[in-house]
Amino acid sequence: KFKNALVKILIHEPDMKIPIYNSLYLKNTNEIKSQNLNLKILNNLELNKINYQKFPLVKLLNNLKEKDTLYETILVTVNDYFVLKYLKNKIEYQEMIKMIYKYCNYKEFLKFRKISPKNVKDIYRLRDYVSLKLSSLGV
């Protein structure tokens, strides 16, 4: 919401290729083949306050700053690590949620909220470090 009371919303079909493509090729304006979005669904769109009891991991987004930091890599890596454990039936769903929340708030990882990546190698190194750290903690 802007100061002039305008509100902008960014929507697209539920296909991860769209945000991934746009993240990788930010300045590229080439057309992506996609389905037409049914805008009639917006007539029934309800935007409610987030139920943190039901969706506790959304609270992790409060750790994000307005500028890009390496903490985003922490969030994605920790999430991927525990989702994989869940998919391999090594942990239950509720345990996965607790572990993601716990380790995204891990003191050693929170320091990355203040560090911006200098290049893609920083992101890859941090991803590997976080995965190794989680493995070494026996989680």
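The values are calculated or read from the model by the stated rules, or taken from the named source; none is laboratory data. The shown structure was predicted, so the numbers you read here are calculated from the model rather than taken from an experiment. For neighbour counting, all protein chains shown are included, and Cβ atoms are generated from backbone atoms with ideal geometry for every residue, glycine included. To get the accessible areas, we keep the full protein, side chains included, count just its heavy atoms, and leave off ligands, DNA and RNA. Shrake-Rupley method; radii C 1.70, N 1.55, O 1.52, S 1.80 Å.
Annotations
- Output for region 3-24, where each listed residue is of a type outside the set (A, V, I, L, M, F, W, C) and surrounded by fewer than 10 Cβ atoms within 10 Å (Cβ to Cβ): LYS3, ASN4, LYS8, PRO14, SER23
- Boolean, THR73 is assigned to a loop (DSSP other than H, G, I, E, B), under 15 Å from the mean Cα position of the chain (by Cα) and modelled with pLDDT of 80 or more: no
- Scanning region 63-84 turns up at least one residue that is touching a residue at least 12 places away in the same chain (Cβ under 8 Å), of a type in the set (S, T, N, Q), surrounded by 15 or more Cβ atoms within 10 Å (Cβ to Cβ) and more than 19 Å from LEU137 (Cβ to Cβ).
- Condition met for GLN35 (more than 21 Å from LYS102 (Cβ to Cβ), open to solvent by 60 Å² or more (accessible area, probe 1.4 Å) and out of contact with any helix residue (DSSP H, G or I) (no Cβ under 9 Å at 6 or more places or on another chain)): yes
- Conditions (1) assigned to a helix (DSSP H, G or I); (2) open to solvent by 50 Å² or more (accessible area, probe 1.4 Å); (3) over 21 Å from SER23 (Cα atoms): number failed by ASN89: (1)
- Residue in region 42-58 that is surrounded by 13 or more Cβ atoms within 10 Å (Cβ to Cβ), free of Cβ contacts under 8 Å to residues at least 24 places away in the same chain and farther than 17 Å from PHE109 by Cα present: no
- Scanning region 97-123 for residues that are within 18 Å of VAL139 (Cβ to Cβ) and either small (Gly, Ala, Ser) or part of a helix (DSSP H, G or I) (or both) returns ILE97, LYS98, MET99, ILE100, TYR101, LYS102, TYR103, CYS104, LYS107, GLU108, PHE109, LEU110.
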